[in-house]
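Here the structure is laid out as structure tokens; the discussion comes afterwards.
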Amino acid sequence: MRSREHRDDVRRRRLQPCRWCGREVADAGMGRRRQYCRQSCRQRAYEQRAMVKGSAVAPDAVVLTADEAAQLSDRVYQVRCAAEDVAIALDEGAESDELRKLCDALVRAAKAADGWR
């Protein structure tokens, strides 16, 4: 049976994303967990909360312009296509070199889609 201290230590080491940009937030070790990776992310989040205060927009809503939404949709589509390419290659018995290239392309597409803020 694991001790409570061990469980708490494991929970503490678990990385969490910045609430603004999604980067990993470094653990301070003591006290509350940090919610933002940098002061600038904390500031941007504050500005967004202040801007939507008193409006019908939820404080945690993500508002995108039409262009930003289209770009995000394109990046998600690229991830889907890359994943389908991997699945097709597996079904067709592709060589490991080809699978490696397709997996690398999938990871690149996923990373590009992840950095959308």
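Just a few scattered comments:
- Residues that are closer than 20 Å to Cys21 by Cβ and either among the acidic types (Asp, Glu) or surrounded by fewer than 10 Cβ atoms within 10 Å (Cβ to Cβ) (or both), drawn from segment 50-73: Ala58, Asp60, Thr65, Asp67, Glu68
- For segment 63-72, the criterion of being at pLDDT 95 or above, β-branched (Val, Ile, Thr) and over 26 Å from Val25 (Cβ atoms) is met by none of the residues.
Residue-by-condition table, conditions (1) under 24 Å from Ala110 (Cα atoms); (2) of a type in the set (Ser, Thr, Tyr); (3) outside any loop (DSSP other than H, G, I, E, B):
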residue: Arg19; (1), (2), (3): yes, no, no
residue: Ser40; (1), (2), (3): no, yes, yes
residue: Gln43; (1), (2), (3): no, no, yes
residue: Gly54; (1), (2), (3): no, no, no
residue: Ala61; (1), (2), (3): yes, no, no
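- Scanning segment 16-68 for residues that are in contact (Cβ under 8 Å) with a residue 24 or more places away in the chain and over 16 Å from Asp114 (Cα atoms) returns Arg44, Ala45.
- Of everything in segment 27-62 that is of a type in the set (Gly, Ala, Ser) and over 21 Å from Leu15 (Cα atoms), the residue that is modelled with the lowest pLDDT is Ala61.
- Any hit, segment 98-117, residues being acidic (Asp, Glu), in contact (Cβ under 8 Å) with a residue 40 or more places away in the chain and not in a loop (DSSP other than H, G, I, E, B): yes
- Residues in segment 75-93 that are assigned to a helix (DSSP H, G or I), at pLDDT 95 or above and not β-branched (Val, Ile, Thr): Tyr77, Gln78, Arg80, Cys81, Ala82, Ala83, Glu84, Asp85, Ala87, Ala89, Leu90, Asp91.
- Qualifying residues in segment 16-37 (those that are of a type in the set (Lys, Arg) and closer than 22 Å to Leu64 by Cβ) - the one farthest from the chain's Cα centre (by Cα): Arg19
The values are calculated or read from the model by the stated rules, or taken from the named source; none is laboratory data. This structure is a prediction, so every number in the text was calculated from the model and none was measured. No Cβ is skipped: glycine too gets one built from the backbone with ideal geometry, and neighbour counts run over all protein chains shown.
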